[in-house]
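Student: Quick one: structure below, then a few questions.
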Amino acid sequence: MPRPRWAFLYVIVGTAAVATALARALVPVSVLRAAVLTVIPLLAGLAIVAWVSMNRVALDLVDWCSCAGSTIRVREIVAAPPSHVTPGVARPLERTRLRG
């Protein structure tokens, strides 16, 4: 069973926190500082969205109990092919004329 990679999430949050602290300490109060303090959370948010996307299966399985596999029913619906289609035989393309 896959497990979420929490360490990567901690790295993202920690890096954003350190970058914010460094920006507050090193960048003088100006438009540049405001821009840097705006970009850091945006990048961290994008990184967190990417992390959730990469760990979505593991995050879904976190809440499942060990007996889930025996209690879930999967229903398979098999559709018959359309009557005008012969399995394994390709139909030639039909040419149509456009009236114009």
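Bear in mind these aren't lab numbers, they're just calculated from the coordinates by the rules spelled out. Given the structure is predicted, the values throughout are model-derived calculations rather than measurements. Using ideal geometry, Cβ is built from the backbone for each residue, glycine included, and neighbour counts are taken over all protein chains shown.
Student: Let's test the formula: R0 of 41 Å, r as the Cβ-Cβ distance of Ala25 and Arg5. What FRET efficiency results, to the nearest 0.05? Walk me through the numbers on the way to the answer.
Tutor: On the way: r = 30 Å, r/R0 = 0.74.
Here the calculated transfer efficiency is 0.85.
Student: Once you put a point 7 Å from the Cα of Asp63 and another 7 Å from the Cα of Ile48, both along the Cβ direction, what distance in nm separates them?
Tutor: It is 1.9 nm.
Student: Find the centroid of the Cα atoms in the range 43-72 and in the range 1-19, then give the distance between the two in whole Å.
Tutor: Going from one Cα centre to the other spans 15 Å.
Student: Set the Förster distance to 35 Å, then compute FRET efficiency between Ile72 and Arg33 from the Cβ-Cβ distance, nearest 0.05.
Tutor: Working: r = 53 Å, r/R0 = 1.50.
With R0 = 35 Å, the Cβ-Cβ based efficiency is 0.10.
Student: Hey, what's the Kirkwood Rh for the range 6-63 if you take every pair of different alpha carbons, in angstrom? Don't jump to the answer; show the numbers that get you there.
Tutor: Details: mean 1/r = 0.0792 Å⁻¹.
Hydrodynamic radius (Kirkwood, Cα pairs) of the range 6-63 is 12.6 Å.
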